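Undergrad: One structure coming up, written as structure tokens, with questions to follow.
The values are calculated or read from the model by the stated rules, or taken from the named source; none is laboratory data. From a predicted model like this one, the values you see are computed outputs, not experimental measurements. Neighbour counts are summed over all protein chains in view; Cβ atoms, including those assigned to glycine, are modelled from backbone coordinates with ideal geometry.
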Amino acid sequence: MYTKRISFPKDLPPEKTSFCILCGAPSVAKAVQENGTSVFKCSVCNGTNDRFLAWDPGMEQFFNENDELVHSSVGVIVQNPSKEILLFKRVKYPFLWTIPAGHLDKGEGAKEAAFRELYEETHIKVNKLQLVFEGEIRGDSCVGGADIHLWHAYVCQVEDDVEPIIEAEEGREWCWFALNELPELTMPVDHLLSLSEVCSILE
């Protein structure tokens, strides 16, 4: 069920490499479809998949005691004065609504990464982030092949006049949603918004 060490070559590459999730060859390239979503095509097996196996020495990733691949991630729940949260629809797997989020760079602090991801994906700058969750979320499958993520989630408050600019390679539409009117969410965001310690801050 979860991506394991055996899915990768015996000798891990010293540089960022994308492997085919179907045949394991280091020969996949991103292809943008007519609807703007991204898939990954292998030049060896000619297979196409929503995901690939990423190995990036510059990213915080590791194999746990069960040889399962784990990525370290951050996410920011952005809330306006009307108690609505900012979500955008992903153009990469999983193709659902999500919060600004991403992986940590090697040696990067979680809060530092959260500020970075928030700005990179939305062009929103804030001065304060409140940590609301740290822990492992299993079954959180990302485009880069990991099915387990070590999450650091934050909440920030913004003014009504804040208007995000979503990067085209991340999402194609965004909206403010009331907590009782949420669309179909990515698995980790759905999990975060189900936690009492998160809801108590947002409500």
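Undergrad: For the stretch 87-138, name all the residues that are over 11 Å from the mean Cα position of the chain (by Cα), of a type in the set (S, T, N, Q) and within 26 Å of Glu181 (Cβ to Cβ).
TA: Thr122, Gln130
Undergrad: If a residue has to be polar (S, T, N, Q) and surrounded by 18 or more Cβ atoms within 10 Å (Cβ to Cβ) to count, how many in the stretch 153-203 make the cut?
TA: 1
Undergrad: Determine which member of the set Ile165, Ile137 is at pLDDT 95 or above and aliphatic (A, V, I, L, M).
TA: Ile137
Undergrad: Among the numbered criteria (1) modelled with pLDDT under 95; (2) over 29 Å from Leu53 (Cβ atoms); (3) not hydroxyl-bearing (Ser, Thr, Tyr), which single criterion is violated by Glu170?
TA: Among (1) modelled with pLDDT under 95; (2) over 29 Å from Leu53 (Cβ atoms); (3) not hydroxyl-bearing (Ser, Thr, Tyr), the lone unmet condition for Glu170 is (2).
Undergrad: Right, another one. With the checklist (1) surrounded by 13 or more Cβ atoms within 10 Å (Cβ to Cβ); (2) modelled with pLDDT of 95 or more in hand, flag the one item Asn66 doesn't pass.
TA: Every condition holds for Asn66 apart from (1).
Undergrad: Now for a separate question. Looking at (1) assigned by TED's automatic domain parsing to the domain that holds Val132; (2) without any contact (Cβ under 8 Å) to a residue 60 or more places away in the chain, which is the one condition that is false for Thr37?
TA: Tallying (1) assigned by TED's automatic domain parsing to the domain that holds Val132; (2) without any contact (Cβ under 8 Å) to a residue 60 or more places away in the chain, Thr37 fails exactly one: (1).
Rundown of residues vs (1) in contact (Cβ under 8 Å) with a residue 40 or more places away in the chain; (2) closer than 17 Å to Glu121 by Cα; (3) part of a loop (DSSP other than H, G, I, E, B), yes/no style:
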position: Leu12; (1), (2), (3): yes, no, yes
position: Phe62; (1), (2), (3): no, no, no
position: Glu65; (1), (2), (3): no, no, yes
position: Val76; (1), (2), (3): yes, yes, no
position: Ser82; (1), (2), (3): yes, no, yes
position: Lys89; (1), (2), (3): yes, yes, no
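Undergrad: Here's a follow-up. Being among the hydrophobic types (A, V, I, L, M, F, W, C), surrounded by 15 or more Cβ atoms within 10 Å (Cβ to Cβ), more than 13 Å from Ser72 (Cβ to Cβ) and in contact with a strand residue (DSSP E or B) (Cβ under 8 Å, 6 or more places away or on another chain): is that true of Leu129 here?
TA: Yes: the conditions hold for Leu129.
Undergrad: Then there is this: Charged (D, E, K, R) and buried (at least 20 other Cβ atoms within 10 Å of the Cβ): which single residue out of Glu84, Glu108, Glu121 fits that description?
TA: Result: Glu121 is the single residue among Glu84, Glu108, Glu121 that is charged (D, E, K, R) and buried (at least 20 other Cβ atoms within 10 Å of the Cβ).
Undergrad: Kindly evaluate Gly102 against the criterion of being more than 19 Å from Ser38 (Cβ to Cβ), in the same structural domain as Pro188 (by TED's automatic domain parsing), out of contact with any Gly (no Cβ under 6 Å at 6 or more places or on another chain) and surrounded by fewer than 21 Cβ atoms within 10 Å (Cβ to Cβ).
TA: So Gly102 fails the test.
Undergrad: Are there any strands (runs of 3 or more DSSP E) wholly within the stretch 122-203 with 2 or more residues that are more than 28 Å from Ser38 (Cβ to Cβ), and if so which? Can you show your working first?
TA: Working: elements: 130-138, 148-157, 171-177.
The qualifying strands (runs of 3 or more DSSP E) are 130-138, 148-157.
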